[in-house]
Amino acid sequence: MAHHHHADSGVTTREDLDVRIEQCRTLILGSLDGFTDERAREILVPGRPSLLGVVRHTAYVEGVWFGEAITGRPRAELGLPVATANSWKARKTDTIESVTAHCREIHEHSRSNLVDLDLDDVVTGRHPRTVLSLYTHVLDELAWNTGQLDILRALAESR
């Protein structure tokens, strides 16, 4: 499997992207540290998701882009909401433990779906796109969600 290399770094672009996504995953799951289920579910900004809702949404993002887009399997079959709007909502039965477990399961599926693919490979799921395109989209979304979680944590801690 050929990978693009950063000049003189010895690190491939693929390795760099994988490290960055793992860093986001760690930050996202860590955003729930020290919170109870009730506090993590609390709506801190009217009309916006809770901490738990944002974390839940990150599993949806990976499930869509590293699951559905690669395998072509429908969202419902992957255990994901069909509508994006529903991915932000913490369900009544959600707990920090259940959402964290769901995220970790999605992370494993993502890794498994990507393992044999090169960045230049084209996946045909719903729409043809390169694996590099999937990586950059997921990394962008996870970074954005990490920022949201930082803001929500700061609001929660200031109360």
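The values are calculated or read from the model by the stated rules, or taken from the named source; none is laboratory data. Values in this document were obtained by computation on a predicted structure and should not be read as measured data. We place every Cβ from the backbone using ideal geometry, glycine too, and count neighbours over all the protein chains shown.
Restricting attention to the range 117-130, the residues that are modelled with pLDDT of 95 or more and part of a loop (DSSP other than H, G, I, E, B) add up to 5. For the range 80-116, the set of residues classified as assigned to a loop (DSSP other than H, G, I, E, B) and either closer than 15 Å to Ala59 by Cα or in contact (Cβ under 8 Å) with a residue 60 or more places away in the chain (or both) consists of Leu80, Pro81, Val82, Ala83, Lys89, Ala90, Arg91, Asp94, Thr95, Asp116, listed by residue number.
Looking at the structure I just gave you, is Arg39 among the basic types (Lys, Arg), in contact (Cβ under 8 Å) with a residue 60 or more places away in the chain and assigned to a helix (DSSP H, G or I)? Yes; evaluated as a whole, the condition is true for this residue. For the range 104-116, what are the residues that are of a type in the set (A, V, I, L, M, F, W, C), surrounded by 19 or more Cβ atoms within 10 Å (Cβ to Cβ) and out of contact with any Asp or Glu (no Cβ under 8 Å at 6 or more places or on another chain)? Hit for the range 104-116 is Leu114, nothing else.
Please verify whether the range 70-79 includes one or more residues that are touching a residue at least 60 places away in the same chain (Cβ under 8 Å), surrounded by 15 or more Cβ atoms within 10 Å (Cβ to Cβ) and under 25 Å from Thr130 (Cα atoms).
For the range 70-79, residues touching a residue at least 60 places away in the same chain (Cβ under 8 Å), surrounded by 15 or more Cβ atoms within 10 Å (Cβ to Cβ) and under 25 Å from Thr130 (Cα atoms): present.
For the range 144-159, taking the residues that are under 16 Å from the mean Cα position of the chain (by Cα) and surrounded by fewer than 16 Cβ atoms within 10 Å (Cβ to Cβ), the one that is farthest from Thr71 (Cα to Cα) is identified as Asp150.
Once the range 27-37 is narrowed to residues that are out of contact with any Ser or Thr (no Cβ under 8 Å at 6 or more places or on another chain) and surrounded by 11 or more Cβ atoms within 10 Å (Cβ to Cβ), the residue that is nearest to Phe66 (Cα to Cα) is Gly30.
Put simply, of Val45, Val64, Val55 the only residue that is farther than 16 Å from Thr93 by Cα and either buried (at least 22 other Cβ atoms within 10 Å of the Cβ) or in contact with a strand residue (DSSP E or B) (Cβ under 7 Å, 6 or more places away or on another chain) (or both) is Val64.
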